[in-house]
Every structure is written in C-alpha cells, then in structure tokens.
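The values are calculated or read from the model by the stated rules, or taken from the named source; none is laboratory data. For clarity, every value in this text was computed on a predicted model and none was experimentally measured. Note: ideal-geometry Cβ built from the backbone for every residue, glycine included; neighbour counts use all protein chains shown.
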Amino acid sequence: MKVETIVQALGLEVKCCRDQLGKEVTGGYTGDLLSDVMGNSREGYIWITRQVHQNIVAVASLKEHAGIILINSSQPTDDTLEKARTEQIPIMVSDLPAFEISGKVFNLLTSKT
Amino acid sequence: MLKAFNCDLHIHTCLSPCAQLDMHPQALVQKALDRHLDMIAVCDHNASANAQYVMAAAEDQLSIIPGMEITTLEEVHLLALFDSLPPLLKLQQIIDEHLFGQNDEKRFGVQAIVNELGEVEGINNQLLIGATDLSIDILVDTIHQYGGLAIPAHIDRESFSVLSQLGFIDGNAGFDALEISKRTGIQQGRLQYSELAQYPFLTSSDAHFIGDIGKSVTKILMQEPTFSELKMALSKQNGRRILE
C-alpha cells in the first residue's frame, strides 16, 4: 500500500513532500520514545507519534520510514519541516489520538494485504 | 591557585513532589557540609521557590547554585543553572505560563516551600511532575539568553532523558554539559557514549532522599566554587576543568 492511499482513506493533512507519497508502506509503528522507535521500527514503516522535534526526521530517515503521521493535530516545527524536505520524508497530521489512528492504519494495512 | 572542589549539581528539595519532606533547606545544607561538598545546585521539578532559602541556610559555608529541572515538551529533563536568583525567577515565570494542571498530593506527593528556619512558607499546587509545552530547543535558547547553563539530566536513564526521548544528541544542540547518573558514572559514560566526546560530563546525586546528597560528586578544578568558575570549567578556560 502506498502512503497516498493512507492519506486519502484517513483524510490526513500533508505538511510536506507530497511528491513522496508514492512510497510503499510495509508496516507501522507507534511510539514517542525515539530510542524505542530506532530500536524497533523497520524500513518502509509509517511512524505514528506525538513528538514534533526535528530529531524525528533523522530517525525516520535512518530507519527509511515511508512517512510520519503526527497525532492530535500536532504541528511540526519549522526546522522539522525543513529537515523533512531535505530528507524527503513526508509528514502528515491527523486530528485523532494515537490509539485511533494506529487502529485505522492497522486495519487498512491488514485488509489490503 | 586552582583547587579541586566537590560539586553535586543536581539536588531536589521538599518542593519536588517525589522528594522526601525532610529535604528542607537547613537539612539539605547540613548534609552537604557533612559530605564535604563545596558547591551544590538546587534543582526542583519545574519549580525554584526553595532555592532562595537554601542560599539563606548556607550563608557562606557552602556555594549554592540556584537552578531548576525543567520537563520539556518532549519529556526530557533539562537542568537550568544560574549565577543568581533574578534570571531564575524570570525563567520561572515562563515555566509557570507553560505548565498545566494541579498537583494531587496523594498520588504524587507534597510540594512544600520551606524557609531556612524550617518553617513552611506555603504549598505549591501546580502539577510539577507534569511537562511544559516548551520544546527543548526553545528552552536551551531561553536559558542561554538569561546567562544560564543548560544541561540535560541523567542522559543514561531510560526515562525522561534526552537519549530516551529524542534518540540522539544533535551536534548543534548547544548543551553546556551532559549529566550522567550515579549508576553509570563519568568513566563508564565516556565508554558508552564515545560519540559525545565533545561535551563535558558531570555526575550528580539527583538526590530525592537526604541520605543521597553527595553520593555522586563531580570534582571540578577551579579557583573558587562559583558559577562563573563553573562556566569556565565547562568550556575548559584558564586551566579550569572537570576532573574525570
């Protein structure tokens, strides 16, 4: 499934890198401890988090995530967006809490594969 | 002449909900003197009202650095140390505007403001155990703007540390030093975090119990135990430095 499909299905607001929505999503991970995300997420995952610090881009880039979904309408900071554009990591925003958006993404990923 | 001073730069008082109530200014100073400390920093969670009373209790027997342990938006514990009370009070005003909720004494503990004579001046009702909505980057800038030192606390811990919350330390982060908890210590910390060689390391007791004061100490080579000398030691100026 492509990032674009998830964006459309869940009505996510795309904050940057619209041209990267063709990336393939292989799974997902939800977490706010970047040390945990670095240790346990995998390439191609879509990452759901409340953290908006610029380090999220470095982690997503290192782990080759397909994209980042920010929860509860959290807004990325300017330097986070700037880094995301450089690293070509799409950042999306949802108004749902982590539990709900994770459930919806999980359902999408498991129903189509 | 330069001399090695014993410094414990992260001590809580009874104002922190998780600290014991017997950590009032007078007791804290007495214990620090018993443990032969030369300089301590008072760092309560998101609060600083007891710093002035610890300074009053210490008179000129012990050097007191007024400070605070701020919880950032990312839930990183960040120490802010200052040379005097006015800049700390300015920072406290900002923290108060960005910290929400009320304390629940039964769950989190009492937050007592106690003077140098051991008299209760008041109870802080803010949710000091909570997090501010200020990002670590903004806080580091603000601390520096007020002439203070910004030091992420216990970076080796698995909770509330810059490494647990933010994964790694960016070279541009602007921290003045990094604190390693007593469990790991500076020597082990150097081995564990070789990529952070550019930063000075401190180790402190992070005392929440009176008996823990001085259990982890950083020896710092300075002329006298003052904030300005500490600042020089952290940037290795004029022979001042941390003895590892």
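The conditions are (1) more than 13 Å from the chain's Cα centre (by Cα); (2) charged (D, E, K, R); (3) closer than 25 Å to residue B:34 by Cα, and residue B:179 fails exactly one of them. Which is it?
So the condition that residue B:179 fails would be (1).
Got at least one residue in region B:35-48 being of a type in the set (S, T, N, Q), surrounded by fewer than 17 Cβ atoms within 10 Å (Cβ to Cβ) and more than 17 Å from residue B:214 (Cβ to Cβ)? Even if it seems obvious, please write down each step before you answer.
To start, the set of residues in region B:35-48 that are of a type in the set (S, T, N, Q) comprises B:46, B:48.
Next cut, surrounded by fewer than 17 Cβ atoms within 10 Å (Cβ to Cβ) only: none.
Within region B:35-48 (the criterion being of a type in the set (S, T, N, Q), surrounded by fewer than 17 Cβ atoms within 10 Å (Cβ to Cβ) and more than 17 Å from residue B:214 (Cβ to Cβ)), the answer is no, since none of the residues qualifies.
Being over 17 Å from residue A:5 (Cα atoms) and within 13 Å of another protein chain (Cβ to nearest Cβ) narrows it down to one residue among A:81, A:62; which is it?
A:62
Just to check your reading of the model, which residue among B:18, B:7 is buried (at least 24 other Cβ atoms within 10 Å of the Cβ) and more than 14 Å from chain A (Cβ to nearest Cβ)?
After applying the criteria, what remains is B:7.
Kindly indicate whether residue A:89 is in a helix (DSSP H, G or I), under 13 Å from the mean Cα position of the chain (by Cα) and away from chain B (no Cβ under 13 Å). Outline the logic, then answer.
Values: in a helix (DSSP H, G or I): no; under 13 Å from the mean Cα position of the chain (by Cα): yes; away from chain B (no Cβ under 13 Å): yes.
Spelling it out, it is not the case that residue A:89 is in a helix (DSSP H, G or I), under 13 Å from the mean Cα position of the chain (by Cα) and away from chain B (no Cβ under 13 Å).
Would you be able to tell me the number of residues in region A:24-56 that are under 21 Å from residue A:96 (Cα atoms) and within 14 Å of another protein chain (Cβ to nearest Cβ)?
So the count comes out to 13.
Of the numbered conditions (1) under 12 Å from the mean Cα position of the chain (by Cα); (2) under 26 Å from residue B:141 (Cβ atoms), residue B:74 fails exactly one; give the number of that condition.
(1)
Taking residue B:30 as the residue in question, decide whether it is free of Cβ contacts under 8 Å to residues at least 24 places away in the same chain, under 21 Å from residue B:116 (Cβ atoms) and out of contact with any helix residue (DSSP H, G or I) (no Cβ under 8 Å at 6 or more places or on another chain). Can you show your working first?
Values: free of Cβ contacts under 8 Å to residues at least 24 places away in the same chain: yes; under 21 Å from residue B:116 (Cβ atoms): yes; out of contact with any helix residue (DSSP H, G or I) (no Cβ under 8 Å at 6 or more places or on another chain): yes.
For residue B:30, the condition - free of Cβ contacts under 8 Å to residues at least 24 places away in the same chain, under 21 Å from residue B:116 (Cβ atoms) and out of contact with any helix residue (DSSP H, G or I) (no Cβ under 8 Å at 6 or more places or on another chain) - is met.
Being touching a residue at least 60 places away in the same chain (Cβ under 8 Å) and within 14 Å of chain A (Cβ to nearest Cβ): is that true of residue B:216 here?
Details: touching a residue at least 60 places away in the same chain (Cβ under 8 Å): yes; within 14 Å of chain A (Cβ to nearest Cβ): no.
Judged against the criteria, residue B:216 is not a match.
Does residue B:162 fit the bill of being of a type in the set (A, V, I, L, M), within 23 Å of residue B:65 (Cβ to Cβ) and out of contact with any Gly (no Cβ under 9 Å at 6 or more places or on another chain)? First the steps, then the outcome.
Numbers: of a type in the set (A, V, I, L, M): yes; within 23 Å of residue B:65 (Cβ to Cβ): yes; out of contact with any Gly (no Cβ under 9 Å at 6 or more places or on another chain): yes.
Yes.
If I ask for residues that are of a type outside the set (D, E, K, R), surrounded by fewer than 18 Cβ atoms within 10 Å (Cβ to Cβ) and at pLDDT below 95, which ones from region B:136-167 would you list? Write out each step before concluding.
Keep residues of region B:136-167 that are of a type outside the set (D, E, K, R), which gives B:136, B:138-140, B:142-155, B:159-167.
Subset that is surrounded by fewer than 18 Cβ atoms within 10 Å (Cβ to Cβ): B:138, B:144-147, B:159.
Scanning region B:136-167 gives a single hit, B:159.
For region B:140-182, how many residues are assigned to a helix (DSSP H, G or I), within 13 Å of chain A (Cβ to nearest Cβ) and either within 27 Å of residue A:40 (Cβ to Cβ) or among the β-branched types (Val, Ile, Thr) (or both)?
Qualifying residue count for the region: 6.
With the structure loaded, tell me whether residue A:96 is more than 19 Å from residue A:19 (Cα to Cα), part of a loop (DSSP other than H, G, I, E, B), away from chain B (no Cβ under 14 Å) and touching a helix residue (DSSP H, G or I) at 6+ places or on another chain (Cβ under 8 Å) or whether it fails that test. Step through it out loud before you land on a result.
On the way: more than 19 Å from residue A:19 (Cα to Cα): yes; part of a loop (DSSP other than H, G, I, E, B): yes; away from chain B (no Cβ under 14 Å): yes; touching a helix residue (DSSP H, G or I) at 6+ places or on another chain (Cβ under 8 Å): yes.
Taking the combined requirement at face value, the residue satisfies it.
Select, from A:54, A:88, A:8, the only residue that is modelled with pLDDT under 95, out of contact with any strand residue (DSSP E or B) (no Cβ under 8 Å at 6 or more places or on another chain) and among the polar types (S, T, N, Q).
Details: A:88 fails: modelled with pLDDT under 95; A:8 fails: modelled with pLDDT under 95.
The match here is A:54.
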